[in-house]
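The values are calculated or read from the model by the stated rules, or taken from the named source; none is laboratory data. Note that the coordinates shown come from a computational prediction; the quantities given were computed from them, not determined experimentally. As a convention, Cβ positions derive from the backbone with ideal geometry for all residues, glycine included, and neighbour counts pool all protein chains shown.
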Amino acid sequence: MMIPTKKYAKAAKIAPKGFDTANEFFEFVFNDKEIIWMGQNTNHLHKENQIRDAMLSCVESREYAKYPPPEGFPELKKLILKDLNLEDSDILITAGGTESLYLCMNDILEPHNNVITCDPGYLIIDNFASRFANEVRSVPIYSSENGYKLTPELVRANMDENTKIVVLIDPLNPLGSSYTEEEMKEFAEIAEENDIYLLHDITYKDFARKHFLAADYAPDHAITIYSFSKICGMAGLRIGSIIGASNIISSVRTILINDLGTNLIAQAGAIAALKSKDDWIKEVITTTRNNQKIIKEVVDEIPGAFIPVYPSEGNMLAIDLKGTGINPTEMVEYLLERKIFVRQGTYTSNRFGDNYFRVSFSIPEEQVRTFVKEFRKAIDFLRKN
């Protein structure tokens, strides 16, 4: 007997050329140790530091044989709130920011609601929202007129009495745009005036030169999504948190699936990461920003190519190839054959994916220099063919 497909079922990921499934592709890039990893905004700049040592100690002690506290170790929760200066908020530890996003959509949305997101953006959020709301209003933001981001003006123009959540990915994956304090204050006014929620995904916050928390301006209407995947270099460990007013988090507690707690080894690493942050963050940020400059210099040399948002406030940026006549998918395939993993625009945009491809650059500088060398060659080759 066939199980009917849910209305919100994710579309199957399109496998890159030469692979039968997306999973087969990701296994390939994961297992190839020579691949330069610029396709998932991951951070490869951490060395043998306190984060690694704490997780090794957890393994050696075999503490992983026990279950952790179901909502996370109190020490970790306190450290996250201190990191954000949100000590008066409530918090849950989750298996990554993605789980936090899902929990929010599940808990808050009703069938008559709509959610405002942006395109380009992190499309899994749209999928989660579609499971519980009547409509997802994905606002096109790929324009210099609005700074390549979802502005307060665009939110006001697209919301109605059924709008329940406005999603702010800040800095924005894939473009790296971020918000000023004035913009965040206006978002807060919108949320309070209309009794709606700002879902503030701050996964890339620590890469930004300046960053403003929605929770500082609308504490009762902001939900903060926190992740250790990027700045802490812990993407494969799947750990994050959801932070908000006590009534919000108490409601989310009623729908938790992961009732036996989040990965114990990951929590040990997360505690060490926050305790040691001052020891390593400057080097990670400096290298990341210098790498971005190297990429920008090369893109500026190529007629028809440009970077929509520079400097990016994240550890990724988009390279627009529309003016070159080159299909970004062909660029991605060319670079993969040369062991450089970048991401086609269709992964983060339904409307504009044929304009750009995305590269992340929290990797060693020599790998970035390999990328720009091969990128130049790719431009010449793909233009001729």
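Descriptive notes on the structure:
- Residue list for the stretch 346-368, restricted to those being acidic (Asp, Glu) and part of a loop (DSSP other than H, G, I, E, B): ASP354
- Of the set (1) within 23 Å of ASP119 (Cβ to Cβ); (2) within 19 Å of the chain's Cα centre (by Cα); (3) assigned to a helix (DSSP H, G or I), all apply to ALA215 but (1).
- Selected residue [more than 20 Å from ILE190 (Cβ to Cβ) and within 17 Å of the chain's Cα centre (by Cα)] from TYR142, TYR102: TYR102
- Condition check for VAL115 on (1) surrounded by fewer than 21 Cβ atoms within 10 Å (Cβ to Cβ); (2) touching a Leu at 6+ places or on another chain (Cβ under 9 Å); (3) outside any helix (DSSP H, G or I): one failure, at (1).
- Qualifying residues in the stretch 159-185 (those that are in a helix (DSSP H, G or I) and under 16 Å from ILE223 (Cα atoms)) - the one nearest to the chain's Cα centre (by Cα): MET184
- On inspection, GLU135 qualifies as of a type in the set (Asp, Glu) and more than 19 Å from the chain's Cα centre (by Cα).
- LEU199 vs. criteria among the aliphatic types (A, V, I, L, M) and closer than 29 Å to PRO74 by Cβ: yes
- The residues on offer are ASN114, ASN43, ASN127, and the sole one that is within 26 Å of TYR217 (Cβ to Cβ) and touching a residue at least 40 places away in the same chain (Cβ under 8 Å) is ASN114.
- Of the candidates VAL342, VAL332, VAL359, the single residue that is closer than 24 Å to GLY121 by Cβ, among the β-branched types (Val, Ile, Thr), touching a Pro at 6+ places or on another chain (Cβ under 8 Å) and not assigned by TED's automatic domain parsing to the domain that holds TYR122 is VAL332.
- The selection criterion, being in a loop (DSSP other than H, G, I, E, B), among the aromatic types (Phe, Trp, Tyr), touching a residue at least 40 places away in the same chain (Cβ under 8 Å) and on the phi > 0 side of the Ramachandran plot, does not hold for TYR142.
- Residue ID - surrounded by the most Cβ atoms within 10 Å (Cβ to Cβ), chosen from residues in the stretch 228-243 that are small (Gly, Ala, Ser) and within 12 Å of ASN263 (Cα to Cα): GLY240
- Residue within the stretch 244-262 that is surrounded by fewer than 19 Cβ atoms within 10 Å (Cβ to Cβ), at positive phi and among the charged types (D, E, K, R) present: no
- Scanning the stretch 22-40 for residues that are touching a residue at least 24 places away in the same chain (Cβ under 8 Å) and farther than 14 Å from VAL368 by Cα yields a total of 3.
- Scanning the stretch 25-45 for residues that are of a type in the set (Val, Ile, Thr) and part of a helix (DSSP H, G or I) gives a single hit, VAL29.
- Any chance LYS77 is surrounded by 14 or more Cβ atoms within 10 Å (Cβ to Cβ), assigned to a helix (DSSP H, G or I) and over 19 Å from the mean Cα position of the chain (by Cα): yes
- Restricted to the stretch 94-112, and to residues there that are out of contact with any helix residue (DSSP H, G or I) (no Cβ under 6 Å at 6 or more places or on another chain) and not in a helix (DSSP H, G or I), the residue that is surrounded by the most Cβ atoms within 10 Å (Cβ to Cβ) is GLY96.
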